[in-house]
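Written below as structure tokens is the structure these notes are about.
Computed from the coordinates by the stated procedures, all read-outs in this text should not be read as laboratory data. Given the structure is predicted, the values throughout are model-derived calculations rather than measurements. So basically every Cβ, Gly included, is an ideal-geometry build from the backbone, and we count neighbours across all protein chains shown.
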Amino acid sequence: MHRAGLVGCGRIGSEFDDDPKRSNIATHAGAYSAVPETELVAVADINKEKLEKCIKKWDIGSAYQSYEELLEKEALDILSICTWTSQHLDIVKSAVEHGVKAIFCEKPIAVTLGDACQMVELCKTNNVLLQIDHQRRFCEFHQRVREILLNGKLGNIQQASFHYTAGIANTGSHMFDLLRFLFGDVSWVMAVQSENKSHNPTDPNLDGVIKFKNGLFCSIHACDVKKFLIFELDIIGAEGRIRITHSGFDLEFYEIQESNTFSGYKELYPSKPLINKNTPRDFMINGVKHIVNCLEEGKNSISSGEDGLRALELIHAFHISAKEGEKIHLPLTRKEHLDNIPGCEMDNII
Ligand SMILES: NC(=O)c1ccc[n+]([C@@H]2O[C@H](COP(=O)([O-])OP(=O)(O)OC[C@H]3O[C@@H](n4cnc5c(N)ncnc54)[C@H](O)[C@@H]3O)[C@@H](O)[C@H]2O)c1
């Protein structure tokens, strides 16, 4: 049995599972409670009300208002970090000092590249597994889409486009990670401020394009979250098309057929699904199962600290491009962009 602890009993820590519309476990506390190999032994939150609500909901033995005290008193194997992003580094430092073996950290990995680099380095040096919660990587549905692309079932990918809302860091972290998961590393980006503003002035919406190392172009379009939520990826191959819709809870498939409308042309028409629509979406539970499996088998996570760092690098590259009006090549080089970020030597990490 692996002893787990949780810092931050807010929405992703515990509260999303109060939502009657969510049919899958959607929180760290819920996932530890559902996985037989883990026991959530203690939680911490500076907010007493949230702390009490959480221990009552999940029947947890110990509660602390300070994460330092939690780490001091409980000998944890796994720690989930579900507090605000700017605090991730300090909590990682403390967890590593207290001998935690694995950290399951919320996205984005950090606010600054310097913090993210330190988190990755610290965990690597101390042999601590660092897993970032870009949860689509743990979802069978998205893993099957990746297999379809890798197996060439859509043929050569001609174009991809993404629509998102609610900030280039907040939602962008998921978007960039999913794109890297499906299409690999990025060569360069170009970005502009979006006309569709973000709800959060400190995390703007940016539009842009991404050129992947494999040659693929993907366009990025921000929409206004006050109108509706959208997180959709359209992938158009030479042999067909897949659209990931409803935040990744639905898929549409299209195949090439003789056109019904124009003689001598072919068009795309809805086809039977290449993936069973009932494929489970237990991504939070799978994330916890995966971290347990990595610990037991000494493997790295499929959603590693380095992957989190690369998603953050793309967020920063979009910001730099929107500010400077230029194409920004990746990886960001220390000389051009990282001199003023202490502790960040991107080239040394991967
Ligand atoms: N993976 C996802 O889909 C997803 C969804 C939502 C949020 N998030 C991420 O999770 C993190 C938290 O977001 P949220 O929406 O759950 O926030 P939230 O405000 O609902 O919860 C954060 C909790 O952390 C507590 N907290 C803050 N500082 C603390 C400290 N020093 N010690 C102990 N507790 C502390 C707060 O009191 C609060 O209860 C963010 O990094 C966010 O980007 C990820």
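The alpha carbon convex hull volume per residue for the chain rounds to 153 Å³.
Toward the positive end of the charge dipole of the chain, with +1 on the Cβ of Lys and Arg and -1 on the Cβ of Asp and Glu, the farthest Cα among 8, 103, 25 is that of 25.
Derived scalar couplings between HN and Hα for segment 109-118 equal 3, 6, 8, 9, 5, x, 4, 5, 4, 5 Hz in order, rounded to whole Hz, by the Karplus curve 6.51 cos²θ - 1.76 cosθ + 1.60 (θ = phi - 60°), x for Gly and Pro. Only Lys, Arg, Asp and Glu carry charge here, each on its Cβ (+1 for the first two, -1 for the last two); on that basis the chain has a dipole of about 720 debye about its Cα centre. Taking Lys and Arg as +1 and Asp and Glu as -1, the other residues whose beta-carbon sits under 12 Å from that of residue 128 total 0. Remark: segment 1-125 is approximated by an ellipsoid whose semi-axes, taken from the C-alpha gyration tensor as √(5λ), come to 22, 16, 14 Å, largest first. Just to confirm the number: angle between the C-alpha axis of helix 172-183 and the first principal axis of the chain, 0 to 90 degrees, nearest 10? So the helix axis and the longest Cα principal axis differ by about 60 degrees. For segment 140-270, the ratio of Cα radius of gyration to the globular rule of thumb 2.2 N^0.38 Å stands at 1.12. Under Stokes-Einstein, with the Kirkwood radius over Cα pairs as Rh, the value for segment 87-188 at 25 °C and 0.890 mPa s is 158 µm²/s.
If one computes the Cα centroid of segment 131-188 and of segment 110-124, what distance in Å separates the two points? Centre-to-centre (Cα) distance: 23 Å. Once the mean of 1/r is taken over each pair of separate Cα atoms and inverted, segment 98-148 shows a Kirkwood hydrodynamic radius of 12.5 Å.
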